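The values are calculated or read from the model by the stated rules, or taken from the named source; none is laboratory data. All values reported here derive from a predicted model rather than from experimental measurement. Glycine gets a Cβ as well: all are built from the backbone with ideal geometry, and neighbour counts include every protein chain shown. Note: areas computed on protein heavy atoms with side chains; ligands, DNA, RNA excluded. Shrake-Rupley method; radii C 1.70, N 1.55, O 1.52, S 1.80 Å.
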Amino acid sequence: MLTRPDVAVVGAGPVGLAIAWRCAQRGLRVVVHDPAPGSGASHVAAGMLSPVAEAYFGEHVLTGLLAASAARWPAFAAELAEAVGTGFGYRTEGTIVVGLTGDDLAEARRLWSYQQGLGLPITPLRPSELRDREPALALRVRGGAVAPGDHQVDPRRLVGALRAAAEKAGATLVPDAVGALSDVDAGVTVVAAGCGAAALTGLPVRPVKGQVLRLRAPGGDPPGFRHVIRGYADGESVYLVPRGSGEVVVGATVEERGDTAVTAGAVLRLLRAAVGLVPELAEYDLAEASAGLRPGTPDNAPILGPLPGQPGVLAATGHHRHGIVLTPVTADLITELIVTGEGNPLLTPFTPDRFTGDPHGPGPFAGARTPGPAGPEPTSEEDRWN
Ligand code: GLY
């Protein structure tokens, strides 16, 4: 490209490509840098759009952003499908959460009580209702609940669709690796490089390993269940994501380490939990075992917005366990910021300045939000914690 781009996006995962698509739609000249588009965390991700089942204790501010993004998914999916003329495995059957043993059910119930307390849509089911909805569940399963608004999409197909949409809208993909932000010449640079954002920006993004299996139903049939099934099975947490193609994604470990080795122990635990909940999975082919690196942050929330001390650089990273569900809201808010110069209030809790420029993040006793060089002083105790 001869003319200087308005926007350079570093990273062609779903978040980077969706930002490129949205910016190109607004008439901006966009370049996306990535030597291997879609080869990061999204290549391994299951694609659950789970604002409810992934609403965890102590993360209610993040849960608000998950819910805001999940609410955008139906229109986002429809617009993307219209733009590229292909599907990407977007499915809306909902999610069932189960406990295999009494102890597992007690753990599941505690979390869904918390989620109900936040006003989130999750409804306990009697065992007979559970089996009416999903006959493939093991008879041993003690109970469960349904989160009808927790959907799914196939991240590998999503990357293909977003890439096609971004290019169709005028964005250019350049297959080069960006070693330093000073190598990029653009009006605005958006760092959407997942774990790679740490080296480029000094932001406290760390790899959190997830090992994931892909099973395949025999004979080319679709899987024998339609919902995403999340569960606790003899103390193991597992999720099962059925695809129309016959694939079932089984995930995932959560490990504080940065390698991508697949270990026998993790495969054993995932398979034991999966087959414990849905016995027919024992007959499926084991098609793939892989590991990816989630971009984790000190507060498990994404880092979105201007990088303090680096004019013209925006972060869109640190999506940890939620990159796929957060793709629409991230793309919309970052594009709005670029086009209007105004930060949407939804961004406020997630801006980079909460980490004060210390590459290791705030110390263990630091406040959840501390003002950085570009951040305003909180005006009240409520602002400080929101
Ligand atoms: N959101 C699923 C995972 O991180 O494993």
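Looking at the square roots a ≥ b ≥ c of the eigenvalues of the Cα gyration tensor of the stretch 164-240, which shape do they give, rounded for a/c under 1.5, prolate if a/b is larger than b/c, or oblate? Mind showing how you got there, number by number?
Working: a/c = 3.54, a/b = 1.76, b/c = 2.00.
Verdict is oblate for the stretch 164-240.
Give me the percent of the accessible area of the stretch 1-91 that comes from carbon and sulfur atoms, probe 1.4 Å, all protein chains in place. Please list the in-between numbers first.
Working: 1950 of 3330 Å².
Carbon-and-sulfur percentage of accessible area, whole number: 59.
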Burial ranking of peptide ranges 273-280, 36-43, 328-335 (average Cβ count within 10 Å, highest at the top): 328-335, 273-280, 36-43
Return the inverse of the average 1/r over all pairs of distinct C-alpha atoms in the stretch 23-104, which is the Kirkwood hydrodynamic radius, in Å to one decimal. 16.2 Å
To the nearest 10 degrees, the tilt of helix 327-340 (Cα long axis) against the first principal axis of the alpha carbons of the chain is 10 degrees
Just want the answer: with Cβ charges of +1 for Lys and Arg and -1 for Asp and Glu, which residue in Ala53, Ala75, Gly40 is farthest toward the dipole's positive end in the stretch 1-77? Ala75
What is the set of long-range amide H partners of Leu49 at a cut-off below 5 Å, with H atoms built 1.01 Å from backbone N? His151, Gln152, Val153
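Which value in deg cm²/dmol, rounded to the nearest 500, describes the helix-derived mean residue ellipticity at 222 nm for the chain, given -39,500 (n - 2.57) per DSSP H run of n ≥ 4 and division by the residue count? Kindly include the intermediate steps, with their values, before the conclusion.
Numbers: 10 runs with 116 residues, N = 386.
Result for the chain: -9000 deg cm²/dmol, rounded to the nearest 500.
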Most positive-pole-ward Cα, Gly224, Ala193, Val254, against dipole of the chain from beta carbon charges: Gly224
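Is the shape of the stretch 225-301 rounded, prolate or oblate, going by the alpha carbon gyration tensor and its root eigenvalues a ≥ b ≥ c, with a/c under 1.5 for rounded and a/b larger than b/c for prolate? Don't skip to the answer; put the middle values down first.
Values: a/c = 1.67, a/b = 1.58, b/c = 1.06.
Prolate, since a/c reaches 1.5 and a/b exceeds b/c.
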Please provide three numbers in whole Å: the alpha-carbon extents of the chain along the principal axes, with the largest listed first. 61, 48, 37
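Output the antiparallel fraction of DSSP beta bridges having both residues in the chain, as a percent to the nearest 5. Spell out each step's value before the answer.
Numbers: 41 of 60 bridges.
The answer is about 70 percent antiparallel.
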Could you pull out every residue, at least 5 positions away or on a different chain, whose amide H is within less than 5 Å of the one on Val188? Hs are placed 1.01 Å off N in the peptide plane, and Pro or chain starts have none. Val7, Ala8
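Could you please put Glu255, Glu283 in sequence from largest to smallest accessible area, using a 1.4 Å probe? Intermediate values should be presented prior to the final figure.
Values: Glu255 40, Glu283 135 Å².
If we order Glu255, Glu283 from most to least accessible, we get Glu283, Glu255.
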Helix 155-168 versus the longest principal axis of the chain: what is the Cα-based angle in degrees, 0 to 90, to the nearest 10? 30 degrees
Ordering Lys209, Lys168 from largest to smallest accessible area (1.4 angstrom probe), what's the sequence? Lys168, Lys209
Rounded to the nearest Å, the spacing of the alpha-carbon centers of the stretch 1-50 and the stretch 311-331 is 11 Å
Taking every other residue with Cβ under 10 Å from the Cβ of His151 and scoring Lys and Arg +1, Asp and Glu -1, one gets -1
Residues meeting the amide H criterion for Leu125 (H placed from the backbone, H to H distance under 5 Å, 5 or more places apart or on another chain) are Gly144, Ala145, Val146
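Ordering Thr172, Thr123 from largest to smallest accessible area (1.4 angstrom probe), what's the sequence? List each step's numbers first, then the result.
Working: Thr172 50, Thr123 75 Å².
The ordering from most to least exposed comes out as Thr123, Thr172.
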Residue range of the chain that is longest and free of chymotrypsin sites (Phe, Trp or Tyr not before Pro) which are both DSSP loop and sparsely packed (at most 15 other C-beta within 10 Å): 58-364
